[in-house]
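Okay, so here's the structure we're looking at.
Read-outs: derived from the displayed coordinates by stated rules, not from any lab. This one's a predicted model, so the numbers in the text were calculated from it and none came from an experiment. Cβ placement follows ideal geometry from the backbone for every residue including glycine, while neighbour counts extend to all protein chains displayed.
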Ligand SMILES: [Zn+2]
């Protein structure tokens, strides 16, 4: 089983054009082609035709066993009404986490204005993913997206699990420390490269990542995610294969960690019965 904990259905080429259905179809096709069983769709901090709201995505994927939503929130614009709506989506099982975008918006994660957001996460036992590292736009402000900022919220909210997105790239060592120090902080490997790990910068990244993932980060605290469609699912699977991670650790990163972190309704127990004895039958059964 493979779970991609970090994908988007935004139309990055043209924010004025609504492509939600096309993106969802493309996502499911790409998942099938790459044998990805479950994807978590992260909604944006802004809602425009090309960046659908949490509600719009929830209404499309409701009932799916392979798609779930992590609700993006805007520090500047979130409302109590929106939080109440998200609470209902969490109760029905379509929303499994929250996402904040410091750097893209000017705020530190420990800002007191976010108290209602943290209360919702604690009450509903859902984790919070936090964008960290490069903002991919010169308009972003990096001081807000540094992974060290997660230490403060993690200490203040020991009852909430946090996830530092993108390994905090390029501050991966800082991420490593925050993840190591705080039992409630995890990380994902999404969005680290845009291509297929073949150009100069990507080769450099590959080496860093290899060290980090084999030696630096506790395998049970690192989750597999791609940032599709910004990064490709194909190159991420090749990348995972190329790292030389022990098989048991790879299983945790690509599946088990996400099931427990997001409390997904999927069993991590070894398959039993006939499908357990003959794994190839699973696809038929
Ligand atoms: Zn992303």
Checklist entry - Where does each of 125, 8, 146 land when they are ranked from fewest to most other beta-carbon atoms within 10 angstrom? => result 125, 146, 8
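Can you tell me what share of the DSSP beta bridges in region 3-283 is antiparallel? A percent to the nearest 5 is fine. Kindly include the intermediate steps, with their values, before the conclusion.
Details: 1 of 25 bridges.
Approximately 5 percent, going by the DSSP bridge assignments.
Under the 0.36 nm per residue contour assumption, what length would be gained going from the current alpha-carbon distance of residue 268 and residue 84 to full extension? Walk me through the numbers before you get to the answer.
Values: separation 184, 0.36 × 184 = 66.24 nm, distance 3.09 nm.
Extra length from residue 268 to residue 84 when fully extended: 63.2 nm.
How large is the Kirkwood hydrodynamic radius of the chain, in angstrom, based on all distinct alpha carbon pairs?
Numbers: mean 1/r = 0.0522 Å⁻¹.
The answer is 19.1 Å.
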Checklist entry - Of the peptides 110-116, 45-51, how do they stack up when ordered by the mean number of other Cβ atoms within 10 Å, highest first? => result 45-51, 110-116
Checklist entry - Points 7 angstrom from Cα along the Cβ direction at residue 181 and residue 240: gap in nanometres? => result 3.0 nm
Item to check | Full-extension gain in nm, residue 33 to residue 111, via 0.36 nm per residue minus C-alpha separation | outcome: 23.9 nm
